[in-house]
Amino acid sequence: MHSPTSTDAFAADTDPLGRERSHLAASRAALKAMREDVEALDLRDVTGTWVSALVLQKQVDERIKALADLAHTPLFFGRLDYLHTISEADSEGSGGEQFYIGRRHVHDADGDPMVIDWRAPVSQPFYRASRKDPMDVAKRRRFGYTGGELTAYEDENLSDPDEGDTRSALLAAEIEKPRVGPMRDIVATIQPEQDEIVRADITGTVCVQGAPGTGKTAVGLHRVAYLLYAHRERLARTGTLVVGPNRSFLQYIEQVLPALGELDVAQATVQELVGHVEVRGADAADTARIKGDARMAQVLRNAVRSGITLPTEPCVVVRGSRRWRVPAYELEEIVRELMDRDIRYGAAAEALPQRIAHAVLVKMEQGGEAPDDRVQDAVARNAAVKAAVKACWPAVDPVKLVHRLLSDAEFLAAAADGLLDADEQALVLWSKPPRSARTAPWSAADAVLIDETTDLVHRTASLGHVVVDEAQDLSPMQYRAIGRRCTTGSATVLGDLAQGTTPWATGSWQEALHHLGKDGAHIEELTQGFRVPGEVIAYASRLLPAIAPGLAPATSVRDAPGSLTVRQVPSGRDGAVLAACHDALRHEGSVGLIAADARIPVLAEMLEAAGLPHLAPGTETTADARLTLVPATLAKGLEYDYVVLDEPAAIITGEPDHRTGLRRLYVSLTRAVSGLTVLHTEPLPEELG
């Protein structure tokens with residue numbers, strides 16, 4: 001690694017670091033000029049209406065935001081020196097041999113690129129080139145920064161057979177950098193196996209099984225950024241969505257995409273996606289498991305179609321002095337055909353009056369008349385036709401139907417016949433049915449049932465790409481809810497089977513992908529960790545045989561002796577926890593105090609009494625508040641430089657069963673980036689050894 005005082009024998013450059021700093025300054029000036037050019041645009045003469053003016057102004061405003069120069073974020077982090085000239089098409093018009101790789105494209109006043117977007121094809125060798133396969137790269141240079149200032153660089157001469165393999169000190173420093181604030185991007189540290197996932201084709205769905213610290217969440221977010229770069233017009237039309245487990249998690253990751261210049265990606269929890277009703281109730285674990293079972297989809301389908309009745313009376317349409325009669329058998333044929341076509345219930349309801357009207361028009365033509373489409377539309381709106389449709393194909397309100405299904409034992413029994421047994425039906429039914437859908441104590445699982453019913457009536461709009469994080473915790477019905485939002489698009493599914501902490505957590509990715517509607521998805525497994533120290537991940541992996549026997553233990557590239565402390569405190573545990581928090585805060589970076597949910601109020605009161613400021617999960621840390629008090633149920637997906645873990649036994653007993661408790665503990669043990677201190681009074685679980 002080169003520092004400001006080192007010399008470089010490469011070429012005739014006597015001050016290579018100074019030259020790189022000059023290029024950084026020139027690139028920042030060029031980015032500023034690009035932004036000023038957009039800000040100076042006069043839209044008064046190019047917009048036809050006030051609507052087009054608003055749309056264009058919005059696009060300009062978004063472009064200005066995307067061109068923001070983040071002072072403490074490196075504009076470029078690497079450089080590629082190719083052996084040969086790269087084609088103009090591949091290099092975004094550069095036509096040269098040397099390329100600076102950064103978060104976004106920057107060009108000078110003549111349009112020549114000064115920084116190449118990391119997503120461009122010419123940038124790919126920065127992540128994948130090696131001495132075995134240099135990909136025509138002579139040298140790869142990495143840059144080190146301190147507070148936005150370029151302070152060091154490091155070269156790998158990939159095409160020099162005499163140079164040996166060495167671990168990149170700058171890469172290691174970037175990976176191990178203390179974490180303060182929300183989740184950072186990993187664009188400068190993407191590894192080859194991660195890059196393959198990031199750049200996978202948009203037409204296919206990718207599922208990533210990733211152990212803690214392998215960067216699966218960051219990989220998923222960078223994949224969104226890459227797809228928006230490579231397929232911008234397509235995704236601008238169809239939209240992209242990131243689905244996370246809770247709001248705290250979404251707040252934690254929300255700055256990654258804007259740092260990469262991508263602003264138009266929606267984020268939501270599953271509950272927000274299916275927000276047809278206000279969730280005011282909660283189900284017992286057994287009830288939630290049944291409501292989340294894939295069999296409920298057929299139960300709902302049966303319930304929706306239960307009102308269909310084959311007509312027994314003819315439909316008589318009066319027009320002027322003439323009467324046109326469609327006999328019952330003909331109406332029955334029309335209804336049966338719509339039932340057999342298996343189209344959405346609402347679409348069939350809209351088609352039925354037109355089909356009856358068409359039958360009337362055929363009879364009118366046979367009677368010597370010459371009706372046109374306007375006559376057919378008029379007949380479809382005729383009172384007799386409307387009455388016939390209402391009698392045989394009644395309208396369905398999804399909320400009211402699910403309310404009836406959970407309230408009416410006979411209705412549920414008919415819809416669930418052959419699907420749910422009597423005990424399962426009893427679990428699903430409300431013990432005290434509410435008077436109306438408006439006053440019902442809807443649970444999160446109920447909202448998913450309403451969403452399924454809504455889709456049975458009217459098709460849900462599909463997006464171009466959906467990212468699902470912490471997907472191992474979803475029920476089959478939740479997978480279906482997400483899957484129908486990308487039926488014509490693709491998905492990136494991220495998770496870790498060992499971290500499944502819901503009673504309905506998926507048993508295998510093949511099963512989950514089937515419910516998502518993506519049976520052909522490619523499954524990748526990331527086992528090499530880059531953030532969690534090896535000593536910590538090895539300790540947590542002792543739980544794997546009990547919680548996920550089929551998974552290989554994770555490894556870590558980080559060897560950090562002394563990163564794990566496990567201490568039994570016979571008495572005075574609260575004092576020991578407070579002392580451990582103070583010790584952790586002596587280090588640079590964020591600190592997480594993770595405990596069983598029931599312990600959080602006690603610990604919060606203790607911290608307040610000690611005058612130690614603390615934050616809620618997802619809240620951005622500051623110089624004055626770097627400690628976050630984390631309920632174990634919200635720890636998933638979050639990372640802290642130092643973690644103090646309070647009483648593992650309490651975390652286990654806080655869950656409905658031992659296996660789920662061990663999985664919750666596994667999650668809590670793997671949140672530390674630099675150091676983990678485990679404090680306990682009760683015995684540790686025997687699975688930890």
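The values are calculated or read from the model by the stated rules, or taken from the named source; none is laboratory data. All of these numbers come straight from a predicted model, not from anything done at the bench. All Cβ positions, even for glycine, are placed from backbone atoms using ideal geometry, and neighbour counts span all protein chains on display. For accessibility, only protein heavy atoms count, side chains too; no ligands or nucleic acids. Shrake-Rupley method; radii C 1.70, N 1.55, O 1.52, S 1.80 Å.
Tabulated data
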read-out: Residue under evaluation Ser668, criteria (1) touching a Ser or Thr at 6+ places or on another chain (Cβ under 8 Å); (2) open to solvent by less than 10 Å² (accessible area, probe 1.4 Å); (3) polar (S, T, N, Q), criterion not met; value: (1)
read-out: Checklist (1) surrounded by fewer than 24 Cβ atoms within 10 Å (Cβ to Cβ); (2) free of Cβ contacts under 8 Å to residues at least 60 places away in the same chain applied to Tyr479, failing item; value: (1)
read-out: Residues being outside any loop (DSSP other than H, G, I, E, B) and either closer than 12 Å to Glu524 by Cα or open to solvent by less than 20 Å² (accessible area, probe 1.4 Å) (or both) - total across the range 184-215; value: 11
read-out: Selection count where residues are surrounded by 21 or more Cβ atoms within 10 Å (Cβ to Cβ) and touching a Phe, Trp or Tyr at 6+ places or on another chain (Cβ under 6 Å), scope the range 513-529; value: 2
read-out: Selected residue (criterion: nearest to Val335 (Cα to Cα)) from residues of the range 292-322 that are open to solvent by 60 Å² or more (accessible area, probe 1.4 Å) and over 52 Å from the mean Cα position of the chain (by Cα); value: Glu313
read-out: Test for Leu662: is it open to solvent by less than 20 Å² (accessible area, probe 1.4 Å), under 19 Å from Ser248 (Cβ atoms) and out of contact with any Ser or Thr (no Cβ under 7 Å at 6 or more places or on another chain); value: no
read-out: Residue in the range 341-348 that is over 26 Å from Val304 (Cα atoms), within 51 Å of the chain's Cα centre (by Cα) and open to solvent by less than 60 Å² (accessible area, probe 1.4 Å) present; value: no
read-out: Hey, Thr628 touching a strand residue (DSSP E or B) at 6+ places or on another chain (Cβ under 7 Å), of a type in the set (S, T, N, Q) and open to solvent by less than 20 Å² (accessible area, probe 1.4 Å) or not; value: yes
read-out: Checking Thr619 against (1) touching a Phe, Trp or Tyr at 6+ places or on another chain (Cβ under 8 Å); (2) open to solvent by 10 Å² or more (accessible area, probe 1.4 Å); (3) not small (Gly, Ala, Ser), the condition it does not meet; value: (1)
read-out: Cross-chain or 6+ apart pairs with Cβ under 7 Å, the range 277-288 first and open to solvent by 40 Å² or more (accessible area, probe 1.4 Å), then assigned to a helix (DSSP H, G or I); value: Val279/Gln271; Val279/Ala444; Val279/Ala447; Asp283/Lys291; Asp283/Ala445; Asp286/Leu427
read-out: Flag if Asp559 is touching a helix residue (DSSP H, G or I) at 6+ places or on another chain (Cβ under 8 Å) and surrounded by fewer than 14 Cβ atoms within 10 Å (Cβ to Cβ); value: yes
read-out: Hey, Ala384 outside any loop (DSSP other than H, G, I, E, B) and touching a strand residue (DSSP E or B) at 6+ places or on another chain (Cβ under 6 Å) or not; value: yes
read-out: Options Val532, Val536, Val566: the member that is open to solvent by 10 Å² or more (accessible area, probe 1.4 Å) and of a type in the set (A, V, I, L, M, F, W, C); value: Val566
read-out: Within the range 227-267, considering residues that are over 14 Å from the mean Cα position of the chain (by Cα) and basic (Lys, Arg), the one most open to solvent (accessible area, probe 1.4 Å); value: Arg237
read-out: Within the range 593-608, tally of residues that are in a strand (DSSP E or B) and either within 23 Å of the chain's Cα centre (by Cα) or within 21 Å of Thr502 (Cβ to Cβ) (or both); value: 2
read-out: Residue in the range 10-21 that is outside any loop (DSSP other than H, G, I, E, B), at pLDDT below 80, more than 19 Å from Met114 (Cα to Cα) and touching a helix residue (DSSP H, G or I) at 6+ places or on another chain (Cβ under 8 Å) present; value: no
read-out: Only listed residue being modelled with pLDDT of 95 or more and of a type outside the set (A, V, I, L, M, F, W, C), chosen from Thr205, Thr166, Thr217; value: Thr205
read-out: Residue in the range 577-584 that is modelled with pLDDT under 95, open to solvent by 30 Å² or more (accessible area, probe 1.4 Å) and not in a strand (DSSP E or B) present; value: no
read-out: Close pairs from the range 304-319: first free of Cβ contacts under 8 Å to residues at least 60 places away in the same chain, partner assigned to a strand (DSSP E or B), Cβ under 8 Å, at least 6 apart; value: Pro314/Arg325; Pro314/Val326
read-out: Members of the range 368-381 found to be surrounded by 13 or more Cβ atoms within 10 Å (Cβ to Cβ) and under 30 Å from Thr453 (Cβ atoms), listed by number; value: Ala380
read-out: Selection status of Val265, out of contact with any Gly (no Cβ under 9 Å at 6 or more places or on another chain) and over 24 Å from Gly592 (Cβ atoms); value: no
read-out: Unique match (being more than 29 Å from Leu494 (Cβ to Cβ), touching a residue at least 40 places away in the same chain (Cβ under 8 Å) and surrounded by fewer than 18 Cβ atoms within 10 Å (Cβ to Cβ)) among Leu679, Leu684; value: Leu684
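Per-residue answers, yes or no, for (1) within 35 Å of the chain's Cα centre (by Cα); (2) surrounded by 19 or more Cβ atoms within 10 Å (Cβ to Cβ); (3) modelled with pLDDT of 90 or more; (4) of a type in the set (D, E, K, R):
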{"residue": "Pro74", "(1), (2), (3), (4)": "yes, yes, no, no"}
{"residue": "Arg79", "(1), (2), (3), (4)": "yes, yes, yes, yes"}
{"residue": "Ile86", "(1), (2), (3), (4)": "no, yes, no, no"}
{"residue": "Glu97", "(1), (2), (3), (4)": "no, no, no, yes"}
{"residue": "Arg103", "(1), (2), (3), (4)": "yes, yes, no, yes"}
{"residue": "Val122", "(1), (2), (3), (4)": "yes, yes, yes, no"}
{"residue": "Asp136", "(1), (2), (3), (4)": "no, no, yes, yes"}
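Each row is one residue, and each column tells you yes or no for (1) in contact with a strand residue (DSSP E or B) (Cβ under 8 Å, 6 or more places away or on another chain); (2) within 30 Å of Glu524 (Cα to Cα); (3) open to solvent by 20 Å² or more (accessible area, probe 1.4 Å).
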position: Thr555; (1), (2), (3): yes, yes, yes
position: Arg573; (1), (2), (3): yes, no, yes
position: Ala598; (1), (2), (3): no, no, yes
position: Asp646; (1), (2), (3): yes, no, no
position: Ala649; (1), (2), (3): yes, no, no
